1. What value, in deg cm²/dmol to 500, does the helix sum -39500 (n - 2.57) over DSSP H runs of n ≥ 4 give at 222 nm once divided by the residues of the chain?
2. For the chain, take the longest principal axis of its alpha carbons; what is the angle in degrees between that and the long axis of helix 100-121, to the nearest 10 within 0 to 90?
3. Extension gain Leu407-Ala89, at 0.36 nm per residue separation less the Cα-Cα distance, in nm?
4. Work through the residues other than Asp411 whose Cβ is under 12 Å from its Cβ and net out their charges, Lys, Arg +1 and Asp, Glu -1.
5. How big is the C-alpha Rg of the stretch 319-473 next to the rule-of-thumb value 2.2 N^0.38 Å, as a ratio?
6. Tell me the volume per residue, in Å³, of the convex hull enclosing the alpha carbons of the stretch 425-475.
7. Name the shape class, rounded, prolate or oblate, that the alpha-carbon gyration tensor gives for the stretch 244-324, where a ≥ b ≥ c are the square roots of its eigenvalues, rounded holds for a/c under 1.5, and otherwise prolate holds if a/b is larger than b/c and oblate otherwise.
8. Computed over the Cα atoms of the stretch 213-269, what is the convex hull's projected area averaged over all directions, in nm²?
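The values are calculated or read from the model by the stated rules, or taken from the named source; none is laboratory data. Please read all numbers here as calculations on a predicted model, not as lab measurements. Quick reminder, even Gly has a Cβ in these numbers, built from the backbone with ideal geometry, and neighbours come from all protein chains shown. Just the protein is used for accessible areas: all its heavy atoms, side chains included, with ligands, DNA and RNA removed. Shrake-Rupley method; radii C 1.70, N 1.55, O 1.52, S 1.80 Å.
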Amino acid sequence: MKADSVEREVRRFYVEDAGVRAGDRIIVAVSGGPDSSALLHLTYDLRHELAFDVCVAHFDHRLRVGSADDADFVREAAVELGVPVVIEAAGTDEIAGRRGRGMEDAARRARYDFLERTRLRVDGRFVAVAHNLEDQAETLLLRLFRGAGTAGAAAMRSVNGTLVRPVLGVSRGAILEYCRRRGVSYRTDHTNAEAIVDRNRLRLNVMPELRRVWPGIDSVLARNAQLFAEDASALDWAADTALESVRVASGEGQVEVSRSALRNLPPHVVRLVLRRAAMESGRAQPPDKARLHAVMDFCLSPRGGGRMGIGGGIDVLRGYDTALFTSELHEPPRVLGDVRIDAQGVTSIPGLDMAVKSRIIQDRLEVQWVKESLTVKPPDTAYLDFATVGEHLLVRGRRRGDRLRPLGRGDVSLSRFLIQRRVPFWRRDGIPIVAGTNGVIWVGGLEIDSRYRVTDRTDNIVELRLVNTCGDVKS
């Protein structure tokens, strides 16, 4: 690829792949080496045509003598181009003391953390890094050697959120030729010539032999990474679709799925769904294979209640019919305190985004209509005989010793009733209980005590209705 071809490829990338818009700010990560120095100049030359701003970011890992000279070089390059530059050095114990992959991983995490902080600090849209064709080929092999699945074998994405790789399809040779023809100066990192970490061992010892036996192997591996990326995107879509087919409810930091619906899916799809649920509920990284199998066994078990920590700050709670993925910091909703219900109005339920809307029905025609329509009343509404309940009602949480006489059944403890109704244990403290002086009258949304039901002899009716208070509720 000639220098002008490299320029056309980078322009095409910014316009078609990244979708850069006028007014955007692009932070170019520059180490001082040929790849990132070339990327800086390629991006800088497009700033007027595509109407975006450029900023330079450099992170000094402090892993070798002379790294501060790289920072000075990058600063001078930015000043020469007249673009702002942000430079930061690693803390003394941030990466020190690690070896091999541990050091490599720590350095990578520190660098990307710095780049994202810089993007937010300068209000940038993208961070551009200078991974090239050979980097992509090496990444694919490294991940395969370490046991990657389809998503891992996709290697590096050219666009990954706010991180972009404009020269991912450009060979290292083409980049060096561009630097030579355009007079772009750069520094050489001599540690790249030392087999001290996995990537450099692969680069120095393995790739040369592969290229000797299979010329063009880098392009072949990069194309395979693209195919894996396309397959991974299809699997992502399938996982999202399957998750929606079994999802019961979701809230902030929570995903609840139907266990019976999970059992109807093929095992490999179940694993995709559970991995997606773990990520959606707040896990930063997907569970490894062993942990994912443990989660699958836990969710598909015929047993009822249980709790399982899956790492990353996420717990899985197992109910009779559902499983809830939730952050360990997320407290299940519970009714707090006792509140007297206004006989004609709206009473907020402390601890819940709910209220009880109540009124007394005295009109004879409406009373008769209610009596005739009791079999089709919505579950969030209770009709009670005013003569038996009176006006002094409380809404509260469940208490030890609460009992209930459900319609058509004998007396039963509230805890037993909730188990029989298969209410997950994490929801039980969030059920509003309407009670009078003699105990439970209505288990909100589930059942009234039969002693307070409307009968043919009822003259006046108390109507109670649970309403959501996320919006305004008018009485």
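1. Helix-only estimate at 222 nm: -11500 deg cm²/dmol.
2. Tilt of helix 100-121: around 70 degrees.
3. Length gained, Leu407 through Ala89: 107.4 nm.
4. +3
5. 1.06
6. With only Cα atoms used, the stretch 425-475 gives 124 Å³ per residue.
7. Rounded, because the longest to shortest axis ratio a/c is under 1.5.
8. Mean shadow area of the hull around the Cα atoms is 6.0 nm².
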